[in-house]
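First up is the structure itself, then whatever we jot down about it.
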Amino acid sequence: MITVIANLKGGSGKSTVAFNLAIWLKMKGEVVVAYDLDPQQTLHDVALVRREDDIEPELLVSVADSNDICGTLNNHSCHVLVDVGAANMDAMKAAISIAHRVIVPVQPSQPDVWATQRFLKIINDACGDNNHPELVAFINRADTHHAVRESDEAEQALKMLEKFRVIPYRLCQRTSFRRTLSEGLSIFELSGKSKSAEEFDQLAHALYPDLIN
């Protein structure tokens with residue numbers, strides 16, 4: 001399965017999601033191939049940190065040839081995770097055109113909801129008459145205080161968007177998620193019994209319900 005983690009807006013947390021999802025899958029014994037098509041190459045860099053520190057399981061992250069992204073991504077029979085953003089629009093459209101699923105992390109703000117709505121048009125244009133991928137959205141960097149309503153409001157707005165399946169599990173705004181990239185450790189390796197790890201495990205199981213603990 002080819003899963004693209006993408007968003008029109010920078011800073012949505014897509015690289016954090018892609019990295020932790022890749023390690024979660026590998027911890028389940030799954031074969032994972034990851035690609036970083038974003039010019040910032042955050043996912044590629046965090047994989048290098050793991051390699052330099054001899055952290056297992058190793059995560060190999062490649063950069064696909066922009067001339068044959070579709071051929072490269074299709075050349076796998078395992079879990080393929082693709083981290084790409086609007087800074088590389090051609091690559092994003094190419095990856096989406098052959099993806100089985102597109103995961104969109106959305107921060108809890110109205111501008112982020114608007115951007116997600118515009119992203120839907122880009123997805124439609126990229127796919128044309130081909131089969132459309134499953135579209136999945138969830139609230140990332142959600143508020144932790146129960147009195148703040150922006151996350152609830154953003155989730156309700158996402159549910160009104162055509163074609164998106166909105167996962168009810170959120171990742172909250174927590175320092176531990178930022179540390180995963182800087183230290184090259186997934187949230188499970190960094191803080192396995194934390195609320196952050198529990199949140200991500202719920203999200204990952206919603207994305208891969210067939211994988212048993």
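Every number here is computed from the coordinates shown, using simple stated rules; none is lab data. In this text the structure is predicted, and so the values were computed from the model without any measurement. Cβ: placed from backbone, ideal geometry, glycine included. Neighbour counts: every protein chain shown.
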**Item:** J(HN,Hα) series, segment 179-187, from Karplus relation 6.51 cos²θ - 1.76 cosθ + 1.60, nearest Hz, glycine and proline x
**Value:** 5, 4, 6, 5, 9, x, 10, 5, 4
**Request:** Measure up LYS14/LYS195; LYS26/LYS121; LYS9/LYS159 against 27 Å on the Cα-Cα distance and list the ones that go over.
**Result:** LYS26/LYS121
**Request:** Name all residues of segment 152-181 having a backbone nitrogen under 20 Å from the label point set 7 Å from the Cα of HIS205 along its Cα→Cβ direction, giving them as ranges.
**Result:** 166-172
**Complete:** The size of the Cβ-based charge dipole (Lys, Arg +1; Asp, Glu -1) of the chain about the Cα centre, to the nearest 20 debye, is 540 debye
**Inter-probe distance in nm under a simple model that places probes 7 Å from Cα toward Cβ, at ASP129 and GLU150** = 4.4 nm
**Message:** With bins 5 Å wide starting at 0, give me the P(r) of the chain over every alpha carbon pair, in whole percents.
**Reply:** 1, 7, 16, 20, 21, 17, 11, 4, 1, 0
**Request:** Using Cα pairs closer than 8 Å and at least 6 residues apart in sequence, work out the relative contact order for the chain, in percent.
**Result:** 24 percent
**Item:** Distance between segment 43-89 and segment 141-174 - C-alpha centres, whole angstrom
**Value:** 28 Å
**Request:** Based on other C-beta atoms within 10 Å, arrange ILE167, ILE139 from fewest to most.
**Result:** ILE167, ILE139
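For segment 128-213, what class follows from the C-alpha gyration tensor (a ≥ b ≥ c being the square roots of its eigenvalues): rounded when a/c is under 1.5, otherwise prolate if a/b is larger than b/c, else oblate? Please list the in-between numbers first.
Details: a/c = 2.09, a/b = 1.32, b/c = 1.59.
Note, shape of segment 128-213 comes out oblate.
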**Item:** Residue (of LEU37, SER15, SER176) at the positive-pole extreme of the chain, dipole from beta-carbon charges
**Value:** SER176
**Complete:** Across GLN41, GLN156, GLN107, the residue with the highest GNM fluctuation in the chain (Cα network, 10 Å cutoff) is GLN156
**segment 159-167 - phi-based ³J(HN,Hα) in whole Hz, Karplus 6.51/-1.76/1.60, Gly and Pro as x** = 5, 8, 7, 5, 6, 7, 9, 9, 7
**Asked** Which whole-number percent is the relative contact order of segment 1-79 (Cα, under 8 Å, 6+ apart)?
**Response** 34 percent
**Request:** Can you figure out the FRET efficiency of LYS193 with HIS76, using R₀ = 45 Å and their beta-carbon distance, to the nearest 0.05?
**Result:** 0.85
